[in-house]
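Values in this text are rule-based calculations from the coordinates and carry no lab data. These numbers were taken from a predicted model, which means no experiment stands behind them. Don't worry about glycine lacking a Cβ; one is built from the backbone with ideal geometry, like all the others, and counts go over all protein chains shown.
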Amino acid sequence: MLAHGQVIDFASLPRAEVSDDGGKRLDALLLTTADLADAARQAVAQDYAVMPAGGLTSAIGSFLYDRAALNPRFRDVVAIRPKGTMTPEQVDPATPIDQILSHQIAIDRNRHTVTAGAGITFAQVNRVLEEEVGPNARVLVDLTSVGSALVGGVIATGGMGPMRVRPSMTCEAVCITDGGPQPIILEGREAITAFEGMQGWTGMTTAVRMRYFDVPMLEFGLVLPIQSTDIDAMADLLNYLHSWSAIEPPATGNHLAAQHPENTILNGIELVSRDSLEQFIAQAADPARSKAQGLLQSCEYAGADMLACLTGWSDVSVDEVLGILLDEETETIGGVQIDFGVGFSSGSEMESFRAIREGAPDLARTYARVVQPGKLRPWTTSTDINVAVPRDISAIACVLSAYDDYRREIREVRKAMEGRVEVTLAAYGHLNPMGIDPHHRVTLIAPEGSEAALEEAIEMVKKAKKELIRAIVATAEAHDYTITGGEKGMPSVVEIARASGGVDKAPANLRRMLERARAEIAKAPENFTFRAPLELKAS
Ligand SMILES: Cc1cc2nc3c(=O)[nH]c(=O)nc-3n(C[C@H](O)[C@H](O)[C@H](O)COP(=O)(O)OP(=O)(O)OC[C@H]3O[C@@H](n4cnc5c(N)ncnc54)[C@H](O)[C@@H]3O)c2cc1C
């Protein structure tokens, strides 16, 4: 660890022995420090290229770059990682954001803001808020990796969880360093969104100032079995739940109120497939295991192959929430019978609920990472297209049927490759109308010596994924829905543009994002921009 103010001898730093969540190693020297601005300044002054690193939870090859194309004036690449901590150090609320070190936190109760250093997790931020402000105070950042991704990395990816609220929606200021003499403070939505999702290609976050909110008292979960091929029924359900899931942070104050008088907010509508549930049961321990078995039974009774997992906050109990969500006329929730629904309330029940809901993606990610004996390294790809839909059943149905087609295509690949390449598909993630983004992860595993078959399958999956993106892009205008990018920030936008046939063919709002990214990259020092994709660099 570096002492504050010390002159850094970059050449003597160790090479990074760490990998991202996808198992890709960081090809860089590694420096861990609490004073990120000072480290970046010294790195740039000594002609090092800088790779900001956070919790390393991203798995999309964010840290990959072409070493051969690196400007020879750079002596090497240094990964700068914020110093983390078990317990964030609380400092005076008046501390300016550009003086907050990576492990520090400052709470301003008068303005309802919290300033956090880049090395803290948002779970830690919420813990401090809980202790210092009250049990219902929290920032609206809910990635399922809140306990391991770091504040700096979350801003850099623009990541979001079931709530579908990007950090910039409640962020007041971001302090960054591009290695220049002074840190730069970005304030206001426009400046912050121009940095958010840029993966650190234009600079390194040192600290952020977020608004925090008072949310309704009780947390609940509600699981409804649904049939994935019944697109109309799913669209009905999501359309019905639309107004409960729209989270609008208030312009002033910190009370997060619902649109409905009963003060019930849905902060997530997540998909878990029956297949994933079965996989979860096979390896889980009690009490989550027996809860999952109960849910599997619900699927069986309802003849369903998926679960819609609703989560929320309310001032009333989960039983009363059920009554609130119920349509009195049809005695359903948006057309879905509640007879097989299962409720979860605060505390340990919610822990089991989350374990089940997150078990599916965790298993899929692990499966895609592990090299099995006698097999080639797995190849995997996951979809990430966030679509905000209006209250309109046909718009929602249009997006859902594109995924239904994709699943059918993947089943075709499986059939075509039978006996040669194992093809698995795990579907999980977001059905929230504020951001429909059900991740569909395809993993291909082939025996050693079957490189050609694997390549053939990869090409088929890539083609199907491209068709999925094209289908969603093609009908966006006609159905009045907005593709807002993805959870991985600019790499998701670039992927959508590539599938659309180039930047010029991407939807207008994404084209504007790409143009803005290009302009930001043109302004930033090459010490940071060296990792950016080619279409975002000036020719
Ligand atoms: C179990 C699990 C659950 C997940 N759930 C979600 C989810 O619900 N939603 C979601 O969006 N993502 C999710 N992810 C992906 C990942 O957690 C997010 O992308 C997260 O924002 C990455 O944060 P990090 O600190 O780990 O960043 P890293 O992985 O370390 O870095 C990611 C990128 O950000 C850059 N970067 C890192 N720190 C900084 C900094 N201080 N300044 C500038 N640039 C920086 C890096 O250079 C890199 O390009 C999940 C991942 C896992 C493993």
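For the reader, a short list of remarks on this structure follows.
- Karplus 3J(HN,Hα) series, Hz, for region 261-268 with 6.51 cos²θ - 1.76 cosθ + 1.60 (x for Gly, Pro): x, 6, 6, 10, 10, 8, 9, x
- Those lysines that a straight Cα-Cα span of less than 17 Å connects to LYS463, excepting residues fewer than 8 apart in one chain: LYS415
- Helical segments meeting 18 Å axial Cα length and Kyte-Doolittle 0.0 threshold in the chain (DSSP H): 231-245, 451-474
- The chain, helix-only ellipticity at 222 nm - DSSP H runs n ≥ 4, -39,500 (n - 2.57), divided by all residues, nearest 500: -11000 deg cm²/dmol
- Cross-link partners of LYS523 among lysines (Cα-Cα below 21 Å; sequence separation of 8 or more within a chain): LYS537
- Fraction of antiparallel bridges per DSSP, the chain only, in percent to nearest 5: 85 percent
- Placed amide H near ILE226: partners under 5 Å, 5+ positions off or other chain: ASP305, MET306, LEU307, ALA308
- From phi via Karplus (6.51, -1.76, 1.60), per-residue ³J(HN,Hα) for region 76-93 in Hz, x at Gly/Pro: 4, 10, 10, 8, 9, 10, x, 5, x, 6, 6, 10, x, 7, 7, 10, 3, x
- Each of ILE185, ILE80 has some number of other Cβ atoms within 10 Å of its Cβ, and from fewest to most they run ILE185, ILE80.
- Each peptide in 148-156, 487-495, 280-288 was scored by the mean count of other Cβ atoms within 10 Å over its residues; highest first, the order is 148-156, 487-495, 280-288.
- Per-residue packing, averaged as other Cβ atoms within 10 Å, sorts the ranges 240-246, 19-25 into the order 240-246, 19-25, beginning with the highest.
- Rel. contact order, % - alpha carbon contacts under 8 angstrom, at least six apart, the chain: 14 percent
- Sorted on the mean count of surrounding Cβ atoms within 10 Å across their residues, most packed first, peptides 261-274, 422-435 read 422-435, 261-274.
- Based on alpha carbons, the Rg and Dmax found for region 218-369 are 15.7, 48 Å.
- Between region 200-227 and region 4-76, the Cα center-to-center distance that results, in Å: 28 Å
- The overall shape of region 10-83 is oblate: from the C-alpha gyration tensor, with semi-axes ordered a ≥ b ≥ c, the ratio a/c is 1.5 or greater and a/b is no larger than b/c.
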